[in-house]
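S.K.: The structure's right below; bear with me while I get my questions together.
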Amino acid sequence: MAAEGLPCEFDVVILGTGLVESVVAAACSRVGQRVLHLDRRSYYAANWASFTFNGLLDWIQRRQEPPPQPDELQDWSSLLEEGEELIYLCNADSSSVSNVQVFSFTREEEESVSPPSTTEEEEAAAAAEVEEAEEETTQSTDIKEKESKEETFNEEDDGQAAGVDGEEHEAPPPDNQSRKKVSYSELLDKGRRFNIDLVSKLMFSRGSLIDLLIKSNVSRYAEFKNVSRILTCRHGNVEQVPCSRADVFGSRQLSVVEKRKLMRFLTSVVEETEQQTAYSGRPYLDFLCEQQLGDNLQHFLLHSIAMVTEDTPTEEGLASTRHFLRCLGRYGNTPFLFPVYGLGEIPQCFCRMSAVFGGIYCLRHTVHCLLLDKSNNRCKAVIDSRGQRISCSHFVVEEGYVATERKKVVTPTRSISRAVLITDASVLPAHSDQQVSLVTVPPVAAGAPVVKMVELCSSTMTCIPGTYLVHLTCQSVGSAYEDLSPVVTRMFNTPESHDQETCPSVLWCLYFNMVDGSGVQVQGHDLPPNVYVCSGPDGGLGHEHAVTQAESIFRNILPDEEFCPPAPNPEDIIYDGDSAPSTGEEEKQGEEKGEEEAGQSERGEGTGVEEVGQSESGEE
Amino acid sequence: MAIRELKVCLLGDTGVGKSSIVCRFVQDRFDHNISPTIGASFLTKTVPCGNELHKFLIWDTAGQERFHSLAPMYYRGSAAAVIVYDITKLDSFQTLKKWVKELKEHGPEDIVVAIAGNKNDLGDIREVPMKEAKEFAESIAAIFIETSARHAVNIEELFQKISKQIPPLENPEVDSNESFQLSRQPASSSRRCC
């Protein structure tokens, strides 16, 4: 570990590397603030992180361990000076994730391909019900874990060990079936090629995050893919939602009359009409019914285009429909983009921007307490995990580090239910197996949540070839398992599903709940006014909440500065040639100005296809 | 001639001369005091190689290595990595293994690795024998070269060697949904569709 000490004076100290904190870090460094950015964890992006398969197993394991002893509050009062008071922080990570459950349905290589036995099925079901699930590492490694159950953890080890035994047979066994079966050991062996996000969101192509990435030039650190299609689940079938003009006309499922109706509706909805205002306050569904579009179209428009529920008011439904349409055609056939290597890249990209502008980064390092200046009630310094006093003018902190009793949270706390599946086929096979799909799943039963599902193919670099990574998300009604397993059972082949041999098989899945960050405000907590609280991920599909919050924190800190002005392009930096000579240390890190032979493209890394953005006019 | 963009990431302990090597390669200059806060995301230089042009996009650690906090995104899509040590500091050579391991963990699988023993103008206070370093490089099938950013020794050669090791461009599979970069473009915000 770094023996080197940290500098002891900064303008802004930031604790936590989630999206909001990282954007604030980049924004502050960019305009010349001295930023120290810390995270207690060993990885970037907090609850926005993505993990390799093995990394995710570690993460799961840590959720299962008993919560770390609140480090005996070390007494730092010796560091206090006259007129100062301590405010202790707490460990992040403690409470934001709950109900972690893991199931593995992979087969041992040796095993012949046979349908899962009833015992396994029962075991899986039983495991889900009973908290004290016994170890069942017979054929499928069947793991059920609850937070704070230590023994269950060994169970998982057994499961892994069982998988590793088969390691020798790395090459897939001869196919008796059309689909190749991926074994657990293969998941482990190639685990580093997975990038599994804790959060599942998409980027609206005209959303605030894409705008910010482009505006700040942070976008050059990442590559993106179009979400290639929007699907929906209707009457138990998965169908493609036609949303662009090309889709509508190319659709085989729509009749000519429907095509015309849909086009007319999409064109008309852009302008506000009297008819629309007349429906203000009444459900959007009523408005859609009035248009006599038919069940088919109504379903698409409500669930997949507006992405609202049956009782959403018309004005809200129209607003989301318009947002959807505005985002269409900027980059591709759908309004959404997804970053290659997963969403966890995005906070890292902002952190790099901060570092490039002098921000200092230190993981596995935290702040134990704040020093309050009693004369003006401001936080004047922090004490880090090594007992070093670091002065700062502003302190930005991830919500999880703020002690509960100091936090004001909207109650009741909302939470997000998440499921992550590794499957062996797409929910809707198409001519290309490299599709990125958003699947909207209306409630499976009255009172059940609306589920959003994102299916990622291997070229997004989030899973290995031959598999798909499927993220399910909804606002929690019950536990993640209760909310999402009915959808999983219905749309996939698991030991619990019946007669679904044709559906994609689930190889491995994870359920968990995460606190919905939308209930946390930047200020208004029992904290000094120059301390800003950043929320974790919210349940929305886009990133508007996080970006808005980051910008508002920045405006509080630096009201007169521009938020994330573009970083210069490498080729545009003029080298002035007279940086101050001084002490001869040959190198400090950081990057030097670059003068570059002119006339080359201004792009950043990568070999990807150049920007597609000019196809503005294409749609609707 | 076709231009191929190749991302190269630099690794190595703080102070071994990573930035100086890039600075020498790209601008052919040497600075005793490189300011960390200039804000270049990466530097680029294009060199011919066979019938291709290789445009190196050279990423510096931006100091994130200092407290062992390099982000995995730093390695994404790199065609090559240059691990730098200082021939006058044994420590910096001993940590090479750690960087190699880190690269194995986070770097692309087919990455070209080069090991550069920098500051070879300071041979009189050398702590790392060239033979030992060379053997280590061979053991991991890495390129090995000693350089001096200060005296412009072997800097061009380092990148030439990398160029030669870059596998020829395969015919990219036709993927209708290829990844791309976003870039600023004047028209983007000017009008909406419909």
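S.K.: Can you spot a residue in region B:89-99 that is at negative phi and at the interface with chain A (Cβ under 9 Å from one of its Cβ atoms)?
M.R.: As a first pass, look at region B:89-99 and keep what is at negative phi: B:89-99.
Next cut, at the interface with chain A (Cβ under 9 Å from one of its Cβ atoms) only: none.
There is no residue in region B:89-99 that is at negative phi and at the interface with chain A (Cβ under 9 Å from one of its Cβ atoms).
S.K.: Here is a check on your reading of the model: is B:LEU57 touching a residue at least 12 places away in the same chain (Cβ under 8 Å), within 11 Å of another protein chain (Cβ to nearest Cβ), assigned to a helix (DSSP H, G or I) and touching a strand residue (DSSP E or B) at 6+ places or on another chain (Cβ under 9 Å)? Give the steps one after another, and end with the answer.
M.R.: Values: touching a residue at least 12 places away in the same chain (Cβ under 8 Å): yes; within 11 Å of another protein chain (Cβ to nearest Cβ): yes; assigned to a helix (DSSP H, G or I): no; touching a strand residue (DSSP E or B) at 6+ places or on another chain (Cβ under 9 Å): yes.
When the stated conditions are applied, B:LEU57 does not pass them.
S.K.: Now for a different question. Residues to consider are A:LEU301, A:LEU297, A:LEU337; find the one that is assigned to a strand (DSSP E or B) and of a type outside the set (S, T, N, Q). Spell out the reasoning first.
M.R.: On the way: A:LEU301 fails: assigned to a strand (DSSP E or B); A:LEU297 fails: assigned to a strand (DSSP E or B).
The conditions single out A:LEU337.
S.K.: If I ask for residues that are among the aliphatic types (A, V, I, L, M) and either within 8 Å of another protein chain (Cβ to nearest Cβ) or assigned to a helix (DSSP H, G or I) (or both), which ones from region B:60-70 would you list? Spell out how you get there, then give the answer.
M.R.: We begin by selecting, within region B:60-70, every residue among the aliphatic types (A, V, I, L, M); these are B:62, B:70.
Of everything in region B:60-70, just one residue is among the aliphatic types (A, V, I, L, M) and either within 8 Å of another protein chain (Cβ to nearest Cβ) or assigned to a helix (DSSP H, G or I) (or both), namely B:ALA62.
S.K.: Here is a check on your reading of the model: is B:LEU43 surrounded by 24 or more Cβ atoms within 10 Å (Cβ to Cβ) and more than 11 Å from chain A (Cβ to nearest Cβ)?
M.R.: Values: surrounded by 24 or more Cβ atoms within 10 Å (Cβ to Cβ): yes; more than 11 Å from chain A (Cβ to nearest Cβ): no.
So B:LEU43 fails the test.
S.K.: State yes or no: is A:LEU19 closer than 14 Å to A:VAL199 by Cβ, surrounded by fewer than 24 Cβ atoms within 10 Å (Cβ to Cβ), among the aliphatic types (A, V, I, L, M) and touching a residue at least 24 places away in the same chain (Cβ under 8 Å)?
M.R.: Values: closer than 14 Å to A:VAL199 by Cβ: yes; surrounded by fewer than 24 Cβ atoms within 10 Å (Cβ to Cβ): no; among the aliphatic types (A, V, I, L, M): yes; touching a residue at least 24 places away in the same chain (Cβ under 8 Å): yes.
No.
S.K.: Check every one of the helices (runs of 4 or more DSSP H) wholly within region A:190-275 and list those with 2 or more residues that are touching a strand residue (DSSP E or B) at 6+ places or on another chain (Cβ under 9 Å). Give the steps one after another, and end with the answer.
M.R.: Values: elements: A:208-216, A:245-250, A:256-268.
Hits in region A:190-275: A:208-216.
S.K.: Restricting to region B:80-96, count the residues that are touching a helix residue (DSSP H, G or I) at 6+ places or on another chain (Cβ under 8 Å), more than 16 Å from B:THR61 (Cβ to Cβ) and in a helix (DSSP H, G or I). Working first, answer last.
M.R.: Keep residues of region B:80-96 that are touching a helix residue (DSSP H, G or I) at 6+ places or on another chain (Cβ under 8 Å), which gives B:80-88, B:93, B:96.
Among the residues that remain, those that are also more than 16 Å from B:THR61 (Cβ to Cβ) are: B:87-88, B:93.
Still in the list and also in a helix (DSSP H, G or I): B:93.
The number of residues fulfilling the criteria is 1.
S.K.: A:SER485 - would you say it is of a type in the set (Gly, Ala, Ser) and farther than 21 Å from A:GLY344 by Cβ? Give the steps one after another, and end with the answer.
M.R.: Values: of a type in the set (Gly, Ala, Ser): yes; farther than 21 Å from A:GLY344 by Cβ: yes.
It is true that A:SER485 is of a type in the set (Gly, Ala, Ser) and farther than 21 Å from A:GLY344 by Cβ.
S.K.: To continue, here is another question. A:SER78 is checked against (1) at pLDDT 90 or above; (2) assigned to a helix (DSSP H, G or I) and fails just one. What number does that condition carry?
M.R.: Just one mismatch for A:SER78, condition (1).
S.K.: Looking at A:GLY18, A:GLY5, which one is modelled with pLDDT of 95 or more and small (Gly, Ala, Ser)? Full working, then the answer.
M.R.: Working: A:GLY5 fails: modelled with pLDDT of 95 or more.
Just a single option satisfies the conditions, and that option is A:GLY18.
S.K.: Any idea which residue in region A:277-323 is surrounded by the fewest Cβ atoms within 10 Å (Cβ to Cβ), counting only those that are under 23 Å from A:SER255 (Cα atoms) and of a type in the set (Phe, Trp, Tyr)?
M.R.: Restricting to residues being under 23 Å from A:SER255 (Cα atoms) and of a type in the set (Phe, Trp, Tyr), the top hit is A:PHE287.
S.K.: Could you go through region A:359-366 and let me know if any residue there is out of contact with any His (no Cβ under 9 Å at 6 or more places or on another chain) and not assigned by TED's automatic domain parsing to the domain that holds A:SER251. Explain how you work it out, then say what you get.
M.R.: So the first thing to find is which residues in region A:359-366 are out of contact with any His (no Cβ under 9 Å at 6 or more places or on another chain), and the list is A:365-366.
Adding the requirement that they be not assigned by TED's automatic domain parsing to the domain that holds A:SER251 leaves A:365-366.
Yes, the conditions are met somewhere in region A:359-366.
S.K.: What single numbered condition from (1) modelled with pLDDT of 95 or more; (2) surrounded by fewer than 24 Cβ atoms within 10 Å (Cβ to Cβ) fails to hold for A:PRO412?
M.R.: Result: A:PRO412 passes all but (1).
S.K.: Identify all residues within region A:321-348 that are of a type in the set (Gly, Ala, Ser) and at pLDDT below 95; write none if there are none. Explain how you work it out, then say what you get.
M.R.: Taking region A:321-348 and keeping what is of a type in the set (Gly, Ala, Ser), we get A:329, A:332, A:342, A:344.
Scanning region A:321-348 gives A:GLY329, A:GLY332.
Here's the yes/no breakdown for (1) modelled with pLDDT of 95 or more; (2) in contact with a helix residue (DSSP H, G or I) (Cβ under 9 Å, 6 or more places away or on another chain):
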| site | (1), (2) |
| --- | --- |
| A:ASN513 | yes, yes |
| A:VAL520 | no, yes |
| A:ASP526 | no, yes |
| A:PRO537 | yes, yes |
| A:THR548 | yes, yes |
| A:SER552 | yes, no |
| A:GLU562 | yes, yes |
| A:GLY577 | no, no |
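S.K.: Could you give me the residue pairs with C-beta distances under 8 Å whose first residue belongs to region A:511-529 and is free of Cβ contacts under 8 Å to residues at least 40 places away in the same chain, whose second residue is crowded, with 22+ Cβ neighbours inside 10 Å and assigned to a strand (DSSP E or B) wherever it lies, and which are 6+ apart or on separate chains?
M.R.: A:VAL522/A:TYR532; A:VAL522/A:VAL533; A:VAL522/A:CYS534; A:GLN523/A:TYR532; A:GLN523/A:VAL533
S.K.: Quickly run through region A:486-501 and pick out the residues that are over 22 Å from A:LYS181 (Cβ atoms) and either among the small types (Gly, Ala, Ser) or surrounded by 21 or more Cβ atoms within 10 Å (Cβ to Cβ) (or both).
M.R.: Hit for region A:486-501 is A:VAL487, nothing else.
S.K.: Could you please find all residues in region B:62-75 being free of Cβ contacts under 8 Å to residues at least 60 places away in the same chain and in contact with a helix residue (DSSP H, G or I) (Cβ under 8 Å, 6 or more places away or on another chain)?
M.R.: Narrowing region B:62-75 to residues free of Cβ contacts under 8 Å to residues at least 60 places away in the same chain: B:62-73.
Residues satisfying the conditions are B:ALA62, B:GLY63, B:GLN64, B:LEU70, B:ALA71, B:PRO72, B:MET73.
S.K.: Take the residues in region B:106-119 that are buried (at least 24 other Cβ atoms within 10 Å of the Cβ) and within 12 Å of chain A (Cβ to nearest Cβ); name whichever of them is farthest from A:ALA45 (Cα to Cα). Even if it seems obvious, please write down each step before you answer.
M.R.: So in region B:106-119, the residues buried (at least 24 other Cβ atoms within 10 Å of the Cβ) come out as B:115-119.
The next check asks that each one be within 12 Å of chain A (Cβ to nearest Cβ); those that pass are B:118-119.
Numbers: B:ASN118: 34, B:LYS119: 36 Å.
It comes out as B:LYS119.
S.K.: So how many residues does region B:126-149 have that are within 16 Å of B:VAL112 (Cα to Cα) and either modelled with pLDDT under 95 or assigned to a loop (DSSP other than H, G, I, E, B) (or both)?
M.R.: Matching residues across region B:126-149 total 3.
S.K.: Right, another one. Quick test of your reading of the structure: B:LEU103 fulfils all but one of (1) assigned to a helix (DSSP H, G or I); (2) surrounded by 18 or more Cβ atoms within 10 Å (Cβ to Cβ); (3) modelled with pLDDT of 95 or more. Name the failing condition by number.
M.R.: Condition (3) is where B:LEU103 drops out.
S.K.: A:CYS351 is checked against (1) surrounded by 24 or more Cβ atoms within 10 Å (Cβ to Cβ); (2) at the interface with chain B (Cβ under 8 Å from one of its Cβ atoms); (3) in contact with a Pro (Cβ under 8 Å, 6 or more places away or on another chain) and fails just one. What number does that condition carry?
M.R.: (3)
S.K.: For the list (1) facing another protein chain (nearest Cβ under 8 Å); (2) touching a Ser or Thr at 6+ places or on another chain (Cβ under 9 Å), I need the number of the one condition that B:MET73 fails.
M.R.: (2) is the only condition that B:MET73 fails.
The values are calculated or read from the model by the stated rules, or taken from the named source; none is laboratory data. Quick caveat: nothing in here was measured; it's all calculated off a predicted structure. Backbone-built Cβ (ideal geometry, glycine too); neighbour counts: all protein chains shown.
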